[in-house]
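Trainee: Here's a structure for you.
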Amino acid sequence: MAENILSVKDLTVDYVLTSNDSLRAVDNVTFEVNTEEIFGIVGESGSGKTTLAKAVLRLLEPPGYIRSGYVNFGGVNLLEVPEEKLNKIRWEKISYIPQSSMNALNPLMKIKDQMTEVMKMHGFKGVSKEVINRRVEELLVSVGLAPEVSEMYPHELSGGMKQRVIIAMATIFNPTLIVADEPTTALDVVVQRGILQLLTKIKNEHKSSIVLVTHDIAIQAEVADKVAVMYAGKIVEIGDIRDVLKEPLHPYTQALISSIPSPLEKKALYGLSGVPPDLRRPPSGCRFYPRCKYFKSGLCDKVEPHLQKIGDRLVACHLYR
Amino acid sequence: MSIGDANLIEVQNLTKIFSTGFIMKRNIAAVEGVSFSLSEKVPEILTIAGESGSGKSTTARLILGLIKPTSGKILYKGKDIWKMSAKEWNQYRREVNAVFQDPYSAFNPFHKVEHVLLTPIRKFRLAESKEDAYELASKALDSVNLRGEEILGRYPHELSGGQLQRILLARVFLLKPKLIVADEPVSMIDASIRINLLNIMLKYKENLGVSFLYITHDLSTATYISSRVLIMYLGNVVESGPIDDIVQNPLHPYVQQLIDSIPNPDPEKRWKGYIKLPEVEHNLVETERVKGCKFYDRCPKRMEICKKERPKLKQVENRLVACHLY
């Protein structure tokens, strides 16, 4: 049995809008990530996947507040450790690659200097310049870039090169967990494949784990081991990626998978009707019921389904009782 | 396939060069020598596919007349769009319409959503009275599977991206265009409803005889709705022809890499082999100085001649390919 490296329990996050209005972006979310595993989180815009990733790392900013929950990482609850200790855990033990982070590189600093800055902030103080420069070049080479890139400025790099610099920075301290939020979204498919394969390679070499957040289930199918599907702030299904794609159990997962066109087999496809609920006023019972073709009146609109074990899968749906 | 005088649109050797730089002027050919045509008789969805920087959006903007080509021509029903009279130009703008990537930015947040429907009705005098105008707007919403009573009177922020994009398609429907230039119309739309928009486009083509120029980076959706594709790389068409044949058996090394890298929703058929990204890439301006093939740096099958001579499009089997391999 693989042991778990991250365990999230009953995590709930609210965005406070006004003194008497708020919305629950993440509602009672529980999942575990094992060592050497790529754990995918998939969901559409507004499903809460980015909020969840940020909450786990305690990076939420107001008006987002963690209401309850427990995030166990290496025996400590990340939601309760003092700020200084947390800062050490971030970067050194867990690295976070936020959405469009490649555009966050400082345009006025050489790549080398940006990487050095992070290293100096985290224990590379008093280390000679040569040692640091060597480490920078080593890291760049490890992501398939030429050592000369260290002397370049961000505007001289292509999107794929910048994203690789970000990955190099994220791996400075060989963290045991990398949380990557849409790491390939603005990139071309060939570069996207290169980046995802690089992340997988790094994970295998360092025996670490990755939480991969993306809206694209085909990307999860290519690289993830397990996947959690989010809808309107809740996880509706968790399972092995092969099982979930072969036989999705939750009606939302089914709709999501059946609406992806495949370039090699042409057939008529139909998407979901309706729109996701307004989270300020979510429907009673199951949040998916207004769009669900298996809707049972008096049950789905009254009783909220919770994640339950169906074989090796966890599903939150009244169809499976 | 195309017959000389029966073309709805014919693009001949289209080239657009942008100048960049402050003191040292440098030229970048965003679009270089692109040619294609769409028949007036048989409606068709033609895809122009490529990555960012391939020139696909510049091609779209050229066809919409938003920017002027450096050289080459765009003929609409045989007439050069830059030599049209004011009246002809007005007609062109009514018959050739656009849908863009970001539905949110197409709406004025202070106006109710029907503003985008009522404005063209008024401008092109499509209705006699206010009641007629509202009825027409409702009908247009029907065509994109939206209910008038749910949509009319709402503000843009109250609706989802998918709904807004459908309203924009409804506006296009009002004008009964001949050609719709759709630049990444579904890439900001959630996957589970993306297919609905594509189905509306197919319906417009089949029932109303509207042709589409579908501009995208996503070959999966392109294969779903179109029959023919032009694949661009840094301003040039590198391969064009029937989309199914190209997807099954790409000839150009770039297109082979591209199709091989499309993520497949089947975990049993994962990518085979690692893609090695280049250690240093030339940026666009430097690529411009390249005399030979622009794909040389990334090409696994490069030869000596590729460095010296830019390959021209050649007929290979049932398609056009720009590669020295053939």
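Trainee: Residue pairs, Cβ under 9 Å, 6 or more apart or interchain, first in the stretch B:182-204 and more than 12 Å from chain A (Cβ to nearest Cβ) and at pLDDT 85 or above, second assigned to a helix (DSSP H, G or I) and open to solvent by 30 Å² or more (accessible area, probe 1.4 Å). List them.
Mentor: Final answer for the pair search is B:Asp183/B:Ser57; B:Asp183/B:Arg61; B:Glu184/B:Ser57; B:Tyr204/B:Phe173.
Trainee: Report yes if B:Lys291 is open to solvent by 20 Å² or more (accessible area, probe 1.4 Å), assigned to a loop (DSSP other than H, G, I, E, B), touching a helix residue (DSSP H, G or I) at 6+ places or on another chain (Cβ under 9 Å) and within 29 Å of A:Thr185 (Cβ to Cβ), otherwise no.
Mentor: Criteria not met by B:Lys291.
Trainee: For the stretch A:7-19, does any single residue satisfy the condition of being closer than 23 Å to A:Ile210 by Cβ, free of Cβ contacts under 8 Å to residues at least 24 places away in the same chain and crowded, with 19+ Cβ neighbours inside 10 Å?
Mentor: No: the stretch A:7-19 contains no residue that is closer than 23 Å to A:Ile210 by Cβ, free of Cβ contacts under 8 Å to residues at least 24 places away in the same chain and crowded, with 19+ Cβ neighbours inside 10 Å.
Trainee: Taking the condition away from every other protein chain (no Cβ under 12 Å) and either modelled with pLDDT of 95 or more or in contact with a Ser or Thr (Cβ under 8 Å, 6 or more places away or on another chain) (or both), does A:Leu249 pass?
Mentor: So A:Leu249 passes the test.
Trainee: Another one. With the requirement that a residue be of a type in the set (A, V, I, L, M, F, W, C) and at pLDDT 95 or above, what does the stretch B:233-242 give you? Give the steps one after another, and end with the answer.
Mentor: The first filter runs over the stretch B:233-242 and keeps only residues of a type in the set (A, V, I, L, M, F, W, C), leaving B:234, B:237-238.
If the condition is that a residue be of a type in the set (A, V, I, L, M, F, W, C) and at pLDDT 95 or above, then B:Val237, B:Val238 are the ones that fit.
Trainee: Cβ contacts < 7 Å: first residue without any contact (Cβ under 8 Å) to a residue 40 or more places away in the chain, restricted to the stretch B:135-158; second residue among the acidic types (Asp, Glu) and open to solvent by less than 80 Å² (accessible area, probe 1.4 Å), any location; separation 6+ or different chain. Result?
Mentor: As it stands, the answer is B:Ala137/B:Glu114, since those pairs meet every condition given.
Trainee: OK, next. Report the residue count in the stretch B:35-54 for those that are within 14 Å of another protein chain (Cβ to nearest Cβ) and out of contact with any Asp or Glu (no Cβ under 6 Å at 6 or more places or on another chain). I'd like the intermediate steps shown before the answer.
Mentor: We begin by selecting, within the stretch B:35-54, every residue within 14 Å of another protein chain (Cβ to nearest Cβ); these are B:45, B:47, B:49-54.
After this cut, where a residue has to be out of contact with any Asp or Glu (no Cβ under 6 Å at 6 or more places or on another chain) as well, the list is B:45, B:47, B:49-50, B:52-54.
Adding up the residues that qualify gives 7.
Trainee: (1) among the charged types (D, E, K, R); (2) in contact (Cβ under 8 Å) with a residue 60 or more places away in the chain; (3) open to solvent by 30 Å² or more (accessible area, probe 1.4 Å): which one isn't true of A:Glu37, the others all being true?
Mentor: Going through the list (1) among the charged types (D, E, K, R); (2) in contact (Cβ under 8 Å) with a residue 60 or more places away in the chain; (3) open to solvent by 30 Å² or more (accessible area, probe 1.4 Å), A:Glu37 breaks only (3).
Trainee: Continuing with the same structure: Name the residue that is nearest to the other protein chains (Cβ to nearest Cβ), counting only residues in the stretch B:217-241 that are within 17 Å of B:Pro185 (Cα to Cα) and open to solvent by 20 Å² or more (accessible area, probe 1.4 Å).
Mentor: B:Tyr224
Trainee: Looking only at residues that are β-branched (Val, Ile, Thr) and facing another protein chain (nearest Cβ under 8 Å) in the stretch A:154-194, which one is nearest to A:Asn103 (Cα to Cα)?
Mentor: For the stretch A:154-194, the residue satisfying everything is A:Val191.
Trainee: Might you check whether a residue that is more than 8 Å from every other protein chain (Cβ to nearest Cβ), surrounded by fewer than 21 Cβ atoms within 10 Å (Cβ to Cβ) and among the aliphatic types (A, V, I, L, M) occurs anywhere in the stretch A:202-221?
Mentor: yes
Trainee: Looking for something outside any loop (DSSP other than H, G, I, E, B), of a type outside the set (Ser, Thr, Tyr), within 8 Å of chain B (Cβ to nearest Cβ) and open to solvent by 40 Å² or more (accessible area, probe 1.4 Å) - is there at least one such residue anywhere in the stretch A:252-261?
Mentor: No, every residue in the stretch A:252-261 fails to be outside any loop (DSSP other than H, G, I, E, B), of a type outside the set (Ser, Thr, Tyr), within 8 Å of chain B (Cβ to nearest Cβ) and open to solvent by 40 Å² or more (accessible area, probe 1.4 Å).
Trainee: Can you tell me which condition A:Ile195 does not meet? The list is (1) surrounded by fewer than 21 Cβ atoms within 10 Å (Cβ to Cβ); (2) within 19 Å of A:Ile219 (Cβ to Cβ); (3) among the aliphatic types (A, V, I, L, M), and all the others hold.
Mentor: Every listed condition holds for A:Ile195 apart from (1).
Trainee: Quick one: in the stretch A:151-186, which of the residues that are under 17 Å from the mean Cα position of the chain (by Cα) and of a type in the set (A, V, I, L, M, F, W, C) is surrounded by the most Cβ atoms within 10 Å (Cβ to Cβ)?
Mentor: A:Val179
Trainee: Please indicate, with yes or no, whether at least one residue in the stretch A:263-274 is more than 8 Å from chain B (Cβ to nearest Cβ) and on the phi > 0 side of the Ramachandran plot.
Mentor: yes
Trainee: Do we have A:Lys234 as more than 10 Å from chain B (Cβ to nearest Cβ), within 19 Å of A:Pro305 (Cα to Cα) and open to solvent by 10 Å² or more (accessible area, probe 1.4 Å) here?
Mentor: Working: more than 10 Å from chain B (Cβ to nearest Cβ): yes; within 19 Å of A:Pro305 (Cα to Cα): yes; open to solvent by 10 Å² or more (accessible area, probe 1.4 Å): yes.
Here the answer is yes, as A:Lys234 does meet what is asked.
Trainee: What number goes with the only condition from (1) closer than 30 Å to B:Pro265 by Cα; (2) over 14 Å from the mean Cα position of the chain (by Cα); (3) of a type in the set (A, V, I, L, M) that A:Ile111 does not pass?
Mentor: (1)
Trainee: Okay, next question. So which strands (runs of 3 or more DSSP E) are wholly in the stretch B:24-116 and hold at least 1 residues that are open to solvent by 70 Å² or more (accessible area, probe 1.4 Å)?
Mentor: It comes to B:26-39, B:71-76.
Trainee: Taking the stretch A:237-251 on its own, how many of its residues are open to solvent by 30 Å² or more (accessible area, probe 1.4 Å), outside any helix (DSSP H, G or I) and touching a strand residue (DSSP E or B) at 6+ places or on another chain (Cβ under 8 Å)?
Mentor: 1
Trainee: Here's something else I'd like to know. So which pairs qualify, if the first residue must be in the stretch A:162-184 and over 10 Å from A:Trp91 (Cα atoms), the second must be among the aromatic types (Phe, Trp, Tyr), the Cβ gap must be under 6 Å, and the two must be at least 6 apart or on different chains?
Mentor: Going by the 6 Å Cβ cut-off, the qualifying pairs are A:Val179/A:Tyr96.
Trainee: So B:Val285 passes all but one of these: (1) part of a helix (DSSP H, G or I); (2) at pLDDT 90 or above; (3) farther than 13 Å from A:Val189 by Cβ. Which condition number does it fail?
Mentor: (2)
Trainee: Please tell me if A:Gly74 is surrounded by fewer than 20 Cβ atoms within 10 Å (Cβ to Cβ), of a type outside the set (S, T, N, Q) and under 28 Å from A:Phe39 (Cβ atoms).
Mentor: Details: surrounded by fewer than 20 Cβ atoms within 10 Å (Cβ to Cβ): yes; of a type outside the set (S, T, N, Q): yes; under 28 Å from A:Phe39 (Cβ atoms): yes.
So A:Gly74 fits the description; yes.
Trainee: Same structure again: Which residues, taken from the stretch A:203-228, are aliphatic (A, V, I, L, M) and in contact with a Gly (Cβ under 6 Å, 6 or more places away or on another chain)?
Mentor: Residues of the stretch A:203-228 aliphatic (A, V, I, L, M): A:210-213, A:217-219, A:221, A:223-224, A:227-228.
Within the stretch A:203-228, A:Leu212, A:Ala224, A:Val227 qualify.
Trainee: Can you report the number of residues in the stretch A:86-103 which are open to solvent by 50 Å² or more (accessible area, probe 1.4 Å) and either of a type in the set (Asp, Glu) or free of Cβ contacts under 8 Å to residues at least 60 places away in the same chain (or both)?
Mentor: Of the residues in the stretch A:86-103, 3 are open to solvent by 50 Å² or more (accessible area, probe 1.4 Å) and either of a type in the set (Asp, Glu) or free of Cβ contacts under 8 Å to residues at least 60 places away in the same chain (or both).
Trainee: Do you know which residues across the stretch B:22-43 are of a type outside the set (A, V, I, L, M) and free of Cβ contacts under 8 Å to residues at least 24 places away in the same chain?
Mentor: Looking only at the stretch B:22-43, we keep the residues that are of a type outside the set (A, V, I, L, M), and these are B:22, B:25-27, B:32-33, B:35-37, B:39-41, B:43.
Within the stretch B:22-43, B:Phe22, B:Lys25 meet the criteria.
Trainee: Just give me the residues in the stretch A:122-140 being open to solvent by 80 Å² or more (accessible area, probe 1.4 Å) and either under 23 Å from A:Gln192 (Cα atoms) or modelled with pLDDT of 85 or more (or both), in sequence order. Step through it out loud before you land on a result.
Mentor: Of the stretch A:122-140, the ones open to solvent by 80 Å² or more (accessible area, probe 1.4 Å) are A:125-126, A:129-130, A:134, A:138.
Hits for the stretch A:122-140 are A:Lys129, A:Glu130, A:Arg134, A:Glu138.
Trainee: For the stretch B:242-268, how many residues meet the condition of being open to solvent by less than 10 Å² (accessible area, probe 1.4 Å), more than 8 Å from chain A (Cβ to nearest Cβ) and either in a strand (DSSP E or B) or without any contact (Cβ under 8 Å) to a residue 40 or more places away in the chain (or both)?
Mentor: Total satisfying the criteria: 1.
The values are calculated or read from the model by the stated rules, or taken from the named source; none is laboratory data. Not measured: the values here are computed from a predicted model. Backbone-built Cβ (ideal geometry, glycine too); neighbour counts: all protein chains shown. Ligands, DNA and RNA are stripped out before the accessible areas are found, and what is left, the full protein with its side chains, is counted by its heavy atoms. Shrake-Rupley method; radii C 1.70, N 1.55, O 1.52, S 1.80 Å.
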